[in-house]
Amino acid sequence: MSTYFPSGKDLAKDRKWFVVDAKGKTVGRLATEVARILSGKNSPDWTPFMDMGDHCVVINARHAKFTGAKNDQKLYRRHTLYPGGLRETTVKEMFEKKPEKVIELAVKGMLPKTKLGKAMAKKLKVYADAEHRHTAQKPEAIEI
């Protein structure tokens, strides 16, 4: 008897592509499932120190939703690196300007804050509407 241990050589060619429709989905619940796909935790041969995840394309990001009063109360903060340069944006404003950014930030917040997490985040593609540029990869649709 021997135990299977994945090799890091052919990980890139074995990756699958998945499409997730965000229409009517709650942002946090959607982000947890997408983060699981990107990190590879939905795979039986998951290894903590390897990037075992698959590519994930999220469409219809504009139609995702927040529950409760988060539309008005949740804030995104960034700093311009100048004195007094703290800028705040509400979820409602962010959805109007950049709906893709809301999903990206939610998913990236659930990934590790290491080199491995950055490699996982590169496999995430988010689009505001139903069209995407990854039809050549033949992604399979997943219902979350």
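Every number in this text was worked out from the coordinates using simple rules, so none of it is lab data. This one's a predicted model, so the numbers in the text were calculated from it and none came from an experiment. Cβ atoms come from the backbone with ideal geometry, glycine included; neighbour counts cover every protein chain shown.
Key figures
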| item | result |
| --- | --- |
| Yes/no for Ala128 being over 20 Å from Ser39 (Cα atoms), aliphatic (A, V, I, L, M) and surrounded by fewer than 18 Cβ atoms within 10 Å (Cβ to Cβ) | no |
| Looking only at segment 6-43, and only at residues there that are surrounded by fewer than 20 Cβ atoms within 10 Å (Cβ to Cβ) and among the hydroxyl-bearing types (Ser, Thr, Tyr), the one that is nearest to Lys125 (Cα to Cα) | Thr32 |
| Hits in segment 96-123 - residues which are outside any helix (DSSP H, G or I), in contact (Cβ under 8 Å) with a residue 60 or more places away in the chain and either among the small types (Gly, Ala, Ser) or closer than 27 Å to Asp72 by Cα (or both) | Gly109, Met110, Leu111 |
| Selection count where residues are in contact with a Ser or Thr (Cβ under 7 Å, 6 or more places away or on another chain) and either more than 16 Å from Glu96 (Cβ to Cβ) or buried (at least 17 other Cβ atoms within 10 Å of the Cβ) (or both), scope segment 44-65 | 2 |
| Residue list for segment 131-142, filter: of a type outside the set (S, T, N, Q) and either more than 16 Å from the chain's Cα centre (by Cα) or assigned to a helix (DSSP H, G or I) (or both) | Glu131, Arg133, Ala136, Lys138, Glu140 |
| Strands (runs of 3 or more DSSP E) (entirely within segment 8-89) containing at least 1 residues that are touching a strand residue (DSSP E or B) at 6+ places or on another chain (Cβ under 6 Å) and of a type in the set (Val, Ile, Thr) | 17-21, 55-59 |
